[in-house]
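Take a look at the structure below.
The values are calculated or read from the model by the stated rules, or taken from the named source; none is laboratory data. Keep in mind it's a predicted model, so treat the numbers as computed, not measured. Glycine gets a Cβ as well: all are built from the backbone with ideal geometry, and neighbour counts include every protein chain shown. Each accessible area value is taken on the protein alone, full model and side chains, heavy atoms only, with ligands, DNA and RNA left out. Shrake-Rupley method; radii C 1.70, N 1.55, O 1.52, S 1.80 Å.
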Amino acid sequence: MEYLTQEEIKQCVEYFENNTHHNIRNKTIFLFGILTGYRGSELLSLNKGDVFTKDGKVKHTNQSKQTISV
């Protein structure tokens with residue numbers, strides 16, 4: 001398996017610097033995938049409720065499988 005180098009990641013992020021609606025979305029998806037290690041299919045299956053609580057906080061599941069908001 002090959003991974004992106006730091007330089008390749010930087011080039012991808014720079015590509016998204018044109019702040020169009022699609023580039024903001026694409027940059028967010030790209031960085032979320034890089035930072036979490038999620039695969040494309042996992043990213044696409046996420047729903048807003050999987051990431052945010054009803055009061056807008058980010059959900060975090062710890063190693064004990066307990067979900068907390070941060």
Item to check | With Cα atoms, 0 to 90° folded angle of helix 6-15 axis to the chain main axis | outcome: 90 degrees
Checklist entry - In the set [x] 26.1, 81; [y] 14.3, 40; [z] 13.8, 47, which value of Rg and Dmax of the Cα atoms in Å was calculated from the structure you see? => result [y]
Checklist entry - Which lysines, on any chain, are close to residue 27 with Cα under 16 Å apart, when same-chain ones fewer than 8 places away are left out? => result 10
Checklist outcome for this item: Given Cβ charges of +1 for Lys and Arg and -1 for Asp and Glu, the option among 4, 24, 45 whose Cα lies farthest towards the positive end of the dipole of the chain is 45
Item to check | Sulfur and carbon atoms: percent of accessible area, the chain [1.4 Å] | outcome: 54 percent
Item to check | Lys, Arg +1 and Asp, Glu -1 on Cβ, resulting dipole of the chain about Cα centre, debye, nearest 20 | outcome: 460 debye
